[in-house]
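Here is the structure we will look at, set down as structure tokens.
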Amino acid sequence: MISDTPSDIAPRPGASGSDLARDALRAAQQAAAARGRRPGQATTGKWRRSSQGARRRGWSGAGADDRDPQPLGRLASRMVSSQGWNEKLVSASVFGRWAELVGSEVAEHATPVSLRDGELTVAASSTAWATQLRTLQRQLLGKIAAGLGPNVVRRMKIQGPAAPNWRKGPRHAPGRGPRDTYG
């Protein structure tokens, strides 16, 4: 029986290191020939032959490769685009970047509530600020379009503060309740 290792060959007495290496190589070549392998033929999966017969490595080298570790931002952007989340992500950035888009003074007194079909609903802190936001509406739409792109927000619906609910309990009298300026 022929073994894969050259340990079956008894070392010659008085052989030097290079003679032992040559004998081991010769024994390995004979063992490979007995198994039907040619010299230079790959035995493991780390070398592949291409259609031209040239050998090519099966792992990445010093250059960049698709299998190399990728930056997290690049992977996240690929996932967003493959899942079709681009539009939702841009819409959500209106809420995350609100103070940057409209300015800190406006952001102190106005909060985005919802964005549906290009209509942004904004809640103002007082009726005076609701009126001010209605007059600044075109400029705010322009700033948002410059920061996020066109057609993300096409219209704005501005709401003043909500009046308190005076209905308490299961029974109540019909009517508007106390008259005061709540919005």
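The values are calculated or read from the model by the stated rules, or taken from the named source; none is laboratory data. Since the structure is predicted, the reported quantities are computational estimates derived from the model, not experimental observations. Keep in mind that these areas ignore ligands, DNA and RNA; they rest on the heavy atoms of the full protein, side chains included. Shrake-Rupley method; radii C 1.70, N 1.55, O 1.52, S 1.80 Å.
Miscellaneous remarks
- P(r), alpha carbons of the stretch 123-162 - 10 Å bins starting at zero, rounded %: 33, 45, 22, 0
- Residues Glu87, Glu105, ordered by accessible area of protein heavy atoms at a 1.4 angstrom probe radius and largest first, appear as Glu87, Glu105.
- Sequence of Leu89, Leu20, Leu72 from largest to smallest accessible area, 1.4 Å probe: Leu72, Leu89, Leu20
- Remark: the stretch 86-183 is approximated by an ellipsoid whose semi-axes, taken from the C-alpha gyration tensor as √(5λ), come to 32, 15, 11 Å, largest first.
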